[in-house]
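One structure is given below, encoded as structure tokens.
The values are calculated or read from the model by the stated rules, or taken from the named source; none is laboratory data. What you see is a predicted model; the values in this text were computed from it and never measured. All Cβ positions, even for glycine, are placed from backbone atoms using ideal geometry, and neighbour counts span all protein chains on display. Quick note on the areas: whole protein, heavy atoms, side chains included, nothing else; ligands and nucleic acids left out. Shrake-Rupley method; radii C 1.70, N 1.55, O 1.52, S 1.80 Å.
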There are 2 protein chains.
Amino acid sequence: MASPRSSRVDRKVAEAASIFAALGDETRLRIVTRLCRSGPQSIVRLTEGSRVTRQAVTKHLHALSEAGLVRGERVGRETVWELEPRRLAEVRRYLDIISAQWDEAIGRLRTFVESPPSKPS
Amino acid sequence: MASPRSSRVDRKVAEAASIFAALGDETRLRIVTRLCRSGPQSIVRLTEGSRVTRQAVTKHLHALSEAGLVRGERVGRETVWELEPRRLAEVRRYLDIISAQWDEAIGRLRTFVESPPSKPS
DNA sequence: TTCATTAGCAACCTCCTGGTTGCCAGTTAG
DNA sequence: CTAACTGGCAACCAGGAGGTTGCTAATGAA
């Protein structure tokens, strides 16, 4: 039943890590938050109010895009970037799962402490 | 009503970003996952099966600790590290909130497209 | 006491990341 | 056509992150 040397799980972890890494930069998370709040926007609009250069914003958008968190479409002379909510959902599910596992583990630990495995002393 | 130059929100974002960043490394996420699955463990046990050195694991544990995701307690000659589930919960809530905002934004966009603001042509 | 285990600390190295500036190309408006 | 706007690309730089090795200190078992 157990996979021989992991692999499916490994890839899952790696992918989740890449998504978290994408969200793990303040500028980037701010961009994502903004896209969530105000919907699809062009680069200049995303740059307005940001403390970094347009180039920096562009770089971050590409990083987010590589993580699958965001998708850009060229319309006219501007590129409109919008969120890819499925990736966000994936990562939410990941957190839910490991949280549940933690609760389970804590439960096991508690019953273990309450009834140690045949060790009278 | 709106805060003068953000700040509360800024700090929120920064904190969330730091947590995501902590989770955004494969080795680190693997450690967290492992702590979730198997409960509190010492460093050597965490290192077993890992592809990196004990020192690396230690470093990552400290990184996770600084993000508030994990807490270590010295017991006897070993240090037992365990998860801090509240931080995980925080970040889950963050994702839930921005996801909800996205849904809202998309809703607004849709009604906007369906009834443009007085532009007949 | 003596030895094995567990962990902490420090130095070191390489590579990636976030950011900037500068320049060029496509697109739209006058 | 020309000017203004929007965006892509490349070079460059400083700093930090991940990892390793080597050594030392505390603790526990024999």
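Structural remarks
- The residue list A:ALA105, A:ALA63, A:ALA16 contains one member that is more than 24 Å from B:ALA100 (Cα to Cα) and of a type in the set (A, V, I, L, M, F, W, C), which is A:ALA105.
- Flag if A:SER50 is among the hydroxyl-bearing types (Ser, Thr, Tyr), surrounded by fewer than 17 Cβ atoms within 10 Å (Cβ to Cβ), under 15 Å from the mean Cα position of the chain (by Cα) and within 16 Å of DNA strand C (Cβ to nearest atom): no
- Which numbered condition B:LEU83 misses (of (1) more than 16 Å from DNA strand D (Cβ to nearest atom); (2) surrounded by 12 or more Cβ atoms within 10 Å (Cβ to Cβ); (3) within 15 Å of B:SER18 (Cβ to Cβ)): (3)
- The condition of being among the small types (Gly, Ala, Ser), closer than 28 Å to A:ALA89 by Cα and not in a helix (DSSP H, G or I) holds for only one of B:GLY72, B:GLY68, that being B:GLY68.
- Verdict on B:VAL70 being open to solvent by less than 10 Å² (accessible area, probe 1.4 Å), more than 16 Å from DNA strand C (Cβ to nearest atom) and within 23 Å of the chain's Cα centre (by Cα): no
- Wholly enclosed helices (runs of 4 or more DSSP H) of the stretch B:5-60 bearing at least 2 residues more than 12 Å from every other protein chain (Cβ to nearest Cβ): B:43-47
- Which numbered condition B:THR58 misses (of (1) near DNA strand C (Cβ under 8 Å from one of its atoms); (2) within 23 Å of A:SER99 (Cβ to Cβ)): (2)
- Residues of the stretch A:53-66 that turn out to be exposed (fewer than 14 other Cβ atoms within 10 Å of the Cβ) and touching a Leu at 6+ places or on another chain (Cβ under 9 Å), as a count: 1
- In summary, A:ARG92 fulfils each of the numbered conditions (1) open to solvent by less than 50 Å² (accessible area, probe 1.4 Å); (2) under 28 Å from B:GLU84 (Cβ atoms); (3) at the interface with chain B (Cβ under 8 Å from one of its Cβ atoms) with the single exception of condition (1).
- Hits in the stretch A:10-32 (condition: out of contact with any Ser or Thr (no Cβ under 9 Å at 6 or more places or on another chain), of a type in the set (Val, Ile, Thr) and open to solvent by 10 Å² or more (accessible area, probe 1.4 Å)): none
- The stretch B:68-78, subset of a type outside the set (D, E, K, R) and under 17 Å from A:LEU109 (Cβ atoms), residue nearest to DNA strand D (Cβ to nearest atom): B:VAL75
- Residues of the stretch B:18-36 satisfying the condition of being closer than 13 Å to B:ARG87 by Cβ and either polar (S, T, N, Q) or without any contact (Cβ under 8 Å) to a residue 12 or more places away in the chain (or both): B:SER18
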